[in-house]
1. Just give me the residues in segment 20-35 being farther than 23 Å from PRO79 by Cβ and crowded, with 16+ Cβ neighbours inside 10 Å, in sequence order.
2. Would a scan of segment 54-63 turn up a residue that is at pLDDT 95 or above and charged (D, E, K, R)?
3. Go through segment 91-140 and report how many residues are within 24 Å of LYS81 (Cβ to Cβ), assigned to a loop (DSSP other than H, G, I, E, B) and open to solvent by 90 Å² or more (accessible area, probe 1.4 Å).
4. Given the conditions (1) touching an Asp or Glu at 6+ places or on another chain (Cβ under 6 Å); (2) without any contact (Cβ under 8 Å) to a residue 12 or more places away in the chain, and given that CYS24 satisfies all but one, which numbered condition is not satisfied?
Amino acid sequence: FPVTIPQTYKIWRGIINRCCTQTCSSFHNYGGRGITVCETWRTSYEAFIADMGECPLGHSIERINVDGNYEPSNCMWIPIKDQVRNRRNTVLVILDGKEMIQADAARLLGVKPATIFYWRKGKQKKPDYINLIFPDQTLTQ
């Protein structure tokens, strides 16, 4: 029978690789930025499980402070769909006075996320009737 590796174990190994293995493709975004794994977690999967519990289905580990370390006081399990909203490269926009991520604005407007990207970059003209503001550009406009 094939051996199934638990999802929580894969996540634990992943955070250690991102933070501690310079040859890991994501190292520059984690260990290369000074993000570490607390010694207890780095040296013991059992300690990680004791602090975090098993990863719930459809969840991912989230660092509450994106510039903080992987440690009990800075980590929690959140749904993967919510975790992608908290990346450093998430683009925020203001649609009809409400701040949201670019993907949510696209969904509400019934357009592809790429369309909003093109509006933001000036590659396509945004229709005047759409009240959409790009906060990352307000200082230069």
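The values are calculated or read from the model by the stated rules, or taken from the named source; none is laboratory data. Bear in mind that the values here come from a model prediction, so they are computed numbers and not experimental data. Quick reminder, even Gly has a Cβ in these numbers, built from the backbone with ideal geometry, and neighbours come from all protein chains shown. Keep in mind that these areas ignore ligands, DNA and RNA; they rest on the heavy atoms of the full protein, side chains included. Shrake-Rupley method; radii C 1.70, N 1.55, O 1.52, S 1.80 Å.
1. Taking segment 20-35 and keeping what is farther than 23 Å from PRO79 by Cβ, we get 20-25, 27-28, 31-34.
Listed by number, the residues that qualify are CYS24, PHE27, GLY31.
2. Yes, segment 54-63 has at least one match.
3. Final tally of qualifying residues: 2.
4. Against the list (1) touching an Asp or Glu at 6+ places or on another chain (Cβ under 6 Å); (2) without any contact (Cβ under 8 Å) to a residue 12 or more places away in the chain, CYS24 comes up short only on (1).
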